[in-house]
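Values quoted throughout were computed directly from the atomic coordinates according to the rules given, and no laboratory measurement underlies them. Everything quoted here is computed from the prediction, not taken from an experiment. Counting neighbours? That spans all protein chains shown, and the Cβs are built from the backbone with ideal geometry, glycine included.
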Amino acid sequence: MDRPELPLPQLHAFVVLAEELHFGRAAARLGIAQPPLSQQIRRLEDKVGYALFSREPGRIDLTPAGRELHPAARHALSHLAAALTAAREVGSGRAGRLRIGFAASVALTVLPSLLRSFRQRFPAVDLDIAEMTTTPQLAALRDRTIDIGLLREPPPHDAELDFETVLTEAFVAVLPASHPLAARRTVPVEEMADCPFVLLPRAVGPPLYDQITDLCTAAGFTPHVTQHAVEWQTVCALVETGLGISLAPESIRRIRLKGVAFRRISPDTVRTRVAVAWRKNDTNPLIRAVLTALDHDAPDGLSTEGARSGQRQR
């Protein structure tokens, strides 16, 4: 990019004098004496190569060259002022663009209250929200295609990313409403041993998948998975058709399907974590704004033990 030929102080002095057409008033607006103002104008005219003002006793006016330069100079200064304001807003975290990835089940817990709180505090920020499972979120954070992730079961250690647990949930059994186990208030996990299972593929969230299969292993069996679905909404829909049963985070109760029953399980000792994730050393002030919003707004209406841990993983 070519270096601008016109220094901003000279351009500013020219615009003010063109508006006032009086050296005394223009100098007063600029907060300088008349001789420095005259010097600025002379330097600018030297750069242009032509006089910008006609000077007569008691009167000055724009020359044709001055009239040509004036609207462009005003436009340039106005755009620069707007750009400086925008830069300050983005730098302070009051404006800008934030790209958020979220797991579908998080839309049933953390996401709605977070977005409401963030929008109230930062109405000028553009939000770009993308639904994706945990593994793609981790990749998108590393590739810098999202800035914040809301995911389940973050890895215990990561060289590039930081995590903060925002919610913990129990697991529940997901059953067809007509299933014999649905008549129980609490379902022993070992009694699910002979049932076909519908689960998310392990690839979309290995830690969560392993938690579910470990629950079964601890009860003495390996789940017979006959169907996979990438989203919990689809898992529940397949359960409703009678294709199998499932184990899911308790927030999945919020998926209302007439033919699906959700029941507590026994033993009820395993918890799944929802976490916010971001890149280590990311200087984007909007990251801090999201963490602040999460600090102030707990998920609403969730009947789990899920309190915030408030501890960040490093």
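For the residues Leu8, Leu291, Leu98, what sequence is obtained by ranking on other C-beta atoms within 10 Å, fewest first?
Leu8, Leu291, Leu98
Among His75, His228, His179, which one shows the highest mean-square fluctuation when the chain is modelled as a Gaussian network with alpha-carbon springs under 10 Å?
His75
Please identify, among Ser78, Ser246, Ser105, the residue showing maximal mean-square fluctuation in a Gaussian network model of the chain using a 10 angstrom Cα cutoff.
Per the Cα network of the chain with a 10 Å cutoff, Ser78 tops the list.
Enumerate the amide H contacts of Val225 below 5 Å, restricted to partners 5 or more residues apart or on another chain; note that Pro and chain-start residues carry no placed amide H.
Phe197
Please state the shape class of the range 118-164: rounded when a/c is under 1.5, otherwise prolate if a/b exceeds b/c and oblate if not, all from the C-alpha gyration tensor. All intermediate terms of the calculation are to be shown ahead of the outcome.
Numbers: a/c = 2.13, a/b = 1.88, b/c = 1.13.
Note, shape of the range 118-164 comes out prolate.
Choose one answer from Pro223, Pro180, Pro285: the residue with the largest mean-square fluctuation in a GNM of the chain with alpha-carbon springs under 10 Å.
Highest fluctuation of the listed residues: Pro180.
Can you give me the Cα centroid spacing of the range 25-49 and the range 184-228 in angstrom?
79
Taking the Cα centre of the chain as origin, sum charge times position over the Cβ atoms of Lys and Arg (+1) and Asp and Glu (-1), and report the length of that vector in debye to the nearest 20. If you can, show how the numbers build up before the last one.
Details: 37 positive and 35 negative charges, 163 e Å.
For this selection, approximately 780 debye.
Based on Cβ point charges of +1 for Lys and Arg and -1 for Asp and Glu, what charge dipole magnitude is obtained for the range 182-297 about its Cα centre, in debye rounded to the nearest 20? Kindly include the intermediate steps, with their values, before the conclusion.
Details: 14 positive and 12 negative charges, 66 e Å.
The dipole of the range 182-297 has a size of about 320 debye.
Nearest 5 percent is fine: what portion of the DSSP beta bridges confined to the chain is antiparallel?
Numbers: 27 of 45 bridges.
The antiparallel fraction comes to roughly 60 percent.
On a 0 to 90 degree scale, rounded to 10, what angle separates helix 206-218 from the longest Cα axis of the chain?
Result, in degrees: 20.
Run the helix sum for the chain: -39,500 (n - 2.57) per DSSP H stretch of 4+ residues, divided by residue count, reported at 222 nm to the nearest 500 deg cm²/dmol.
Details: 9 runs with 120 residues, N = 314.
Per the formula, -12000 deg cm²/dmol.
Amide H to amide H, which residues 5 or more places from Ala177 or on other chains are under 5 Å from it, using H placed in the peptide plane?
Val260, Ala261
Expressed in nm to one decimal, what extension gain is obtained for the pair Ile129 and Arg59 from 0.36 nm per residue of sequence separation less their Cα-Cα distance? Each step should come with its number before you reach the end.
Details: separation 70, 0.36 × 70 = 25.20 nm, distance 5.99 nm.
Computed gain between Ile129 and Arg59 is 19.2 nm.
Compute, for the range 8-92, the length of the dipole vector about the Cα centre, with Cβ point charges of +1 (Lys, Arg) and -1 (Asp, Glu) only. Units Debye, rounded to 20. Present the calculation step by step, with values, prior to reporting the outcome.
Numbers: 10 positive and 8 negative charges, 25 e Å.
Dipole about the Cα centre, nearest 20: 120 debye.
Determine ³J(HN,Hα), in whole Hz, for all residues of the range 244-256 in sequence, where each value follows from phi through the Karplus function 6.51 cos²θ - 1.76 cosθ + 1.60 and θ = phi - 60°; x replaces Gly and Pro.
So the Karplus estimates, Gly and Pro as x, are x, 10, 8, 10, 8, x, 4, 5, 5, 3, 6, 6, 8 Hz.
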